[in-house]
Structure formats: structure tokens, C-alpha cells
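Student: Attaching a single structure in C-alpha cells format; questions to follow.
The values are calculated or read from the model by the stated rules, or taken from the named source; none is laboratory data. Everything numeric in this text was worked out from a predicted model, so none of it was measured. Note that we place each Cβ from the backbone using ideal geometry, even for glycine, and neighbour counts take in every protein chain shown.
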Amino acid sequence: MILAEILGPDMLIILAIVALLFGSKQLPKLARSLGSAKSEFEKGIRAGEHPEEPAATDDEQVTLTRAELDAKIAEARAAGKARPPTS
């Protein structure tokens, strides 16, 4: 394993370079962000393996308010996906 090969003075040199690049005040923030990114990544992997929500079926009824429907139509028209309704 590569981690076993990086011991002693090599690790100290790497830590010194990281401290110089980020500064001593930024190191805790960097460590927290790396930890949270790792946990979010693992959570995403677990969610991909076991989806919590079942897929929507064709007979499932979906309701929208008039404002939501108007917003969806406006988005579709802006994207060029829908034609204006004919009367």
C-alpha cells in the first residue's frame, strides 16, 4: 500500500508543504471540508446502491397548482420544447 511507504521525513515534508500552501488557520477548515466531502460521497454511493424512493408508475396521479403548471409551460416554451396551445 502506498500509505505504508510514506513514513517519517516524507510525511513531515508533505505536511509542511500543505501548511505553507493553506496556512495554519485554513488547515482545520480544509480538513472539515474534506471530511464532509468524503461523507457526502459515501452517502451518495449508498443511496445509489439502495434507492429509497420507488420509481414512479404510469398510473400514478401527479397534481400541480395552476401557477406551477404555468411556470412549467413557460420553461418549456423558453427551451423551445413546447408549442403554444391552440384555441
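Student: Exactly one condition in (1) at pLDDT below 70; (2) not in a loop (DSSP other than H, G, I, E, B) is not met by residue 82; state its number.
Tutor: If we test residue 82 against (1) at pLDDT below 70; (2) not in a loop (DSSP other than H, G, I, E, B), just (2) comes out false.
Student: If the requirement is being surrounded by 10 or more Cβ atoms within 10 Å (Cβ to Cβ) and modelled with pLDDT under 85, which of these qualifies: 19, 71?
Tutor: Details: 71 fails: modelled with pLDDT under 85.
After applying the criteria, what remains is 19.
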